[in-house]
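Asks: My questions all concern the structure below.
The values are calculated or read from the model by the stated rules, or taken from the named source; none is laboratory data. What you see is a predicted model; the values in this text were computed from it and never measured. As a convention, Cβ positions derive from the backbone with ideal geometry for all residues, glycine included, and neighbour counts pool all protein chains shown. Side chains are part of the model used for accessible areas, which takes the heavy atoms of the whole protein and leaves out ligands, DNA and RNA. Shrake-Rupley method; radii C 1.70, N 1.55, O 1.52, S 1.80 Å.
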Amino acid sequence: MGLPRFARPKEGAAGVRSPNLFVANCGPAVGVSQDAVEAVFGRFGEVKGVYAADESGARVIVCYGEVSSAEAAMEALNGRPCAELNGRSLHIRYSVHQPASQVKADNSVPVSFDVSELNIPGLHLVHDFVSAEEERELLAAVDGRPWNGLAKRRVQHYGYEFCYDVNEYPIGVGLSPHIDTHSAFEGFIFSLSLAGPCIMEFRRYSDGIWLDRNLPGAEVKDGSLDHSNYVRKAIYLPPRSMLLLSGEARYAWHHYIPHHKIDFVGEKVIKRSPRRVSFTFRKVRNGPCQCEFPQYCDSQR
Ligand SMILES: O=C(O)CCC(=O)C(=O)O
Ligand SMILES: [Fe+2]
């Protein structure tokens, strides 16, 4: 389900028919697979493709070869609960093909399952770092303690010399791009993912400027960033895996969890779970940072 060049028609354009349908309330984020959509819409004519209409995971574009097939599907399915699609009521409109010049640049980056493909020195991922039983025990242990609510996620903080944080992300919530502050934490940063998957994107900015966005709480909206001056790479983090940021990965690359409900990983569409819990381990620094990346270092400027 890649992102196609079709758009939702403007209000008032209802008379314009096309072989492509914009179908809302349908998609992987609401438990409806591409195969199921194809099977249902295939009853009305040959389906050429089913695409994600946007990153919500709950709106798709169904493309037929013939307008008559789209008309028949519209007549039969619009506004009615569809038993084969978990009883969901589909909201369907004709979709229009957008000229290439109007297509918003696809802002996604290919996501790897294998950390070695990223070629970021110091970045390591160990799958199945804890067993399913250990995962249950760790989740039960943190759920037995009070959570501190932030705007979109909840956290628990432990320790001092060895700083240990627990983050809980509800579905669709991520984390804005940042480098964990050099002056505050030294050495390695470990992050154990539990309960649900996510993708983590890494960005190395060419200007290397230490920006305010690195300060705790200085969350930036992704849309406000200049996408042209950094290299991007992304990795899939399955539950029970341990991520290690060291060296260049820790000191020179921003990391970021996109605010998505679904992620496209290779050919797969992966739905985020209702929650992802991460245990993040950092060592509190005593003395200034002397890393080899002064252009990214708040201690050395
Ligand atoms: O949730 C994670 O895996 C990463 C958390 C993180 O980057 C942080 O707390 O600084
Ligand atoms: Fe971080």
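Asks: Please compute the length gained on full extension between S131 and W147, using 0.36 nm multiplied by the number of residues separating them and subtracting their Cα-Cα distance.
Replies: Stretched fully, the S131-W147 segment lengthens by 3.4 nm.
Asks: Dipole size in debye (nearest 20) for the stretch 111-296 around its Cα centre, Lys and Arg Cβ +1, Asp and Glu Cβ -1?
Replies: Around 480 debye, computed over the stretch 111-296.
Asks: Pop a pseudo-label 7 angstrom from the Cα along the beta-carbon direction at both E75 and D54 and give the gap in nm to one decimal.
Replies: 3.0 nm
Asks: Give me the number: length gained by fully extending V231 to K283, i.e. 0.36 nm times residue separation minus the C-alpha to C-alpha distance, one decimal in nm.
Replies: Roughly 16.0 nm would be gained on extension.
Asks: Carbon and sulfur atoms: what percent of the 1.4 Å accessible area of the stretch 260-301 do they account for?
Replies: On the way: 1110 of 2240 Å².
Carbon plus sulfur share of accessible area: 50 percent.
Asks: What does the net charge come to around V37 if you take all other residues with beta carbon closer than 12 Å to its beta carbon, with K and R at +1 and D and E at -1?
Replies: Counting the neighbours of V37, the net charge comes to 0.
Asks: Taking θ as phi - 60°, what are the ³J(HN,Hα) couplings along the stretch 145-151 by the Karplus curve (6.51, -1.76, 1.60), each to the nearest whole Hz, with x for Gly and Pro?
Replies: 10, x, 9, 9, x, 9, 4
Asks: For the stretch 235-282, what is the accessible area per residue in Å², given a 1.4 Å probe and the full set of protein chains?
Replies: Roughly 32 Å² per residue, with all protein chains present.
Asks: Let me ask you something else. Restricting the calculation to Cα positions, tell me the Rg (one decimal) and the Dmax (whole number) of the stretch 225-277 in Å.
Replies: Taking only Cα atoms of the stretch 225-277, I get Rg and Dmax of 13.2, 34 Å.
Asks: While we're on this one: Multiplying the sequence separation of A39 and L139 by 0.36 nm and subtracting their Cα-Cα distance, what value in nm do you get?
Replies: Numbers: separation 100, 0.36 × 100 = 36.00 nm, distance 3.86 nm.
Answer, rounded to one decimal: 32.1 nm.
Asks: P(r) for the stretch 111-296, please, calculated from all Cα pair distances in 10 Å bins and given in %.
Replies: 9, 37, 40, 14, 1
Asks: Taking 21 Å as the cut-off for C-alpha to C-alpha distance, list the pairs among K152/K233; K261/K283; K152/K261; K233/K283; K48/K268 that go past it.
Replies: Over 21 Å apart, Cα to Cα: K152/K233; K261/K283; K233/K283.
Asks: What Kirkwood hydrodynamic radius, in Å, does the stretch 144-188 give when the mean of 1/r is taken over all pairs of distinct Cα atoms and then inverted?
Replies: Value: 12.4 Å, from the Cα pair sum.
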